[in-house]
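The values are calculated or read from the model by the stated rules, or taken from the named source; none is laboratory data. Note that the coordinates shown come from a computational prediction; the quantities given were computed from them, not determined experimentally. Here the Cβ is made from the backbone with ideal geometry for all residues, glycine too, and neighbour counts use every protein chain on show. Just the protein is used for accessible areas: all its heavy atoms, side chains included, with ligands, DNA and RNA removed. Shrake-Rupley method; radii C 1.70, N 1.55, O 1.52, S 1.80 Å.
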Amino acid sequence: MNDPAKSTAPPALIRPVALVGLMGSGKSSVGARLAKTLNVGFVDADDEIKQAAGLTIAEIFEAYGEGEFRALERRVIARLMIGDPRVIATGGGAFMDPDTREAIGERAVSVWLKAELDVLVSRTAGRTHRPLLNAGDPREILSGLIDVRYPVYAKADVAVDSPAGISHERMADRIIAGLQAHGRAFAAETG
Ligand code: S3P
C-alpha cells in the first residue's frame with residue numbers, strides 16, 4: 001500500500017551532492033539514506049579508493065603515506081563528479097585538499113555535516129579502521145581536527161547540524177531542506 005504522506009516524488013537532483021565533515025559526522029550512513037530518499041545512486045569515496053588500490057585505507061597510509069592517499073583521493077573524487085548526479089560521501093580530509101575542493105565546487109553542491117566533539121568521539125569509538133584516529137587519543141585528535149578543519153568545511157555550500165541521536169531519515173530531510181534553500185541541487189519545479 002502506498003503511504004500518501006510519502007507519495008510525493010522527491011525533487012530531481014541535477015548535480016552531485018558531496019557530503020563533507022569529520023570522521024563520525026555521519027557522511028556514509030546519512031548519505032546512503034539521502035540517496036534512497038532522492039532515488040539516486042550513492043557512493044562512498046573511501047570505498048572507491050580501496051577498490052582502486054586493492055588495499056584498505058589503513059594499508060594505503062601505512063605502505064605509501066598520507067600524501068599518496070590524498071593524491072588517490074583527489075583522482076577518485078574528480079572521477080565521481082562525472083556521470084549521473086548522485087550522493088557522494090567524501091572522506092573527512094578530502095575537502096581540505098584545495099584541488100578536491102575546487103573540483104567539488106565546480107560540479108557538485110557540498111554539504112557539511114557539522115557535529116560536536118562529544119558526538120564525533122562517541123560515534124567513532126571502538127572503530128579501528130581510521131588511521132588518523134589510531135595515532136593517539138581520539139578525543140584529542142578530533143579536537144585538533146575541529147580547530148583546523150571547521151573553518152574550511154564552513155566553505156561548503158550548505159551546513160547541516162548533526163546532533164546526537166538524530167535519525168538518518170531526519171538528517172536526510174534536513175539536508176534536502178538545506179539543498180532546496182541553496183537552490184543549485186534540484187531541477188526547478190514545473191507545474
Ligand atoms: C580521513 C577520514 C576517513 C578516511 C581516512 C582519512 C580524514 O574517512 O578518508 O581515514 O582525513 O579525516 P571518513 O571521514 O569517512 O571516516
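For region 43-54, state whether one or more residues are modelled with pLDDT of 95 or more, open to solvent by 40 Å² or more (accessible area, probe 1.4 Å), within 12 Å of the ligand (Cβ to nearest atom) and within 21 Å of Y150 (Cα to Cα).
Yes, region 43-54 contains at least one residue that is modelled with pLDDT of 95 or more, open to solvent by 40 Å² or more (accessible area, probe 1.4 Å), within 12 Å of the ligand (Cβ to nearest atom) and within 21 Å of Y150 (Cα to Cα).
Within the set of pairs 6+ apart or on separate chains, which have a first residue in region 22-37 that is within 10 Å of I88 (Cβ to Cβ), a second that is among the charged types (D, E, K, R), and C-beta atoms under 9 Å apart?
As it stands, the answer is K27/D44; G31/D44; A35/R86, since those pairs meet every condition given.
Could you tell me which numbered condition E102 fails, if it satisfies all but one of (1) surrounded by fewer than 21 Cβ atoms within 10 Å (Cβ to Cβ); (2) within 14 Å of the ligand (Cβ to nearest atom)?
Status for E102: all satisfied but (2).
State yes or no: is V160 surrounded by fewer than 20 Cβ atoms within 10 Å (Cβ to Cβ), in contact (Cβ under 8 Å) with a residue 12 or more places away in the chain and under 16 Å from the mean Cα position of the chain (by Cα)?
Values: surrounded by fewer than 20 Cβ atoms within 10 Å (Cβ to Cβ): no; in contact (Cβ under 8 Å) with a residue 12 or more places away in the chain: yes; under 16 Å from the mean Cα position of the chain (by Cα): yes.
Here the answer is no, as V160 does not meet what is asked.
Checking the condition surrounded by fewer than 21 Cβ atoms within 10 Å (Cβ to Cβ) and within 12 Å of the ligand (Cβ to nearest atom), which residue from R75, R79, R107, R70 passes?
Working: R75 fails: within 12 Å of the ligand (Cβ to nearest atom); R79 fails: within 12 Å of the ligand (Cβ to nearest atom); R107 fails: within 12 Å of the ligand (Cβ to nearest atom).
Step by step, each of R75, R79, R107, R70 is checked, and only R70 is surrounded by fewer than 21 Cβ atoms within 10 Å (Cβ to Cβ) and within 12 Å of the ligand (Cβ to nearest atom).
For region 121-134, what are the residues that are open to solvent by less than 30 Å² (accessible area, probe 1.4 Å) and part of a loop (DSSP other than H, G, I, E, B)?
Correct list: empty.
So, A94, is that one in contact with a strand residue (DSSP E or B) (Cβ under 9 Å, 6 or more places away or on another chain) and either aliphatic (A, V, I, L, M) or touching a residue at least 24 places away in the same chain (Cβ under 8 Å) (or both) or not? Step through it out loud before you land on a result.
On the way: in contact with a strand residue (DSSP E or B) (Cβ under 9 Å, 6 or more places away or on another chain): yes; either aliphatic (A, V, I, L, M) or touching a residue at least 24 places away in the same chain (Cβ under 8 Å) (or both): yes.
For A94, the condition - in contact with a strand residue (DSSP E or B) (Cβ under 9 Å, 6 or more places away or on another chain) and either aliphatic (A, V, I, L, M) or touching a residue at least 24 places away in the same chain (Cβ under 8 Å) (or both) - is met.
Going through region 8-31 one residue at a time, which ones are among the hydrophobic types (A, V, I, L, M, F, W, C) and surrounded by fewer than 17 Cβ atoms within 10 Å (Cβ to Cβ)?
The initial filter retains those residues of region 8-31 that are among the hydrophobic types (A, V, I, L, M, F, W, C), namely 9, 12-14, 17-20, 22-23, 30.
Those that are among the hydrophobic types (A, V, I, L, M, F, W, C) and surrounded by fewer than 17 Cβ atoms within 10 Å (Cβ to Cβ): A9, A12, I14.
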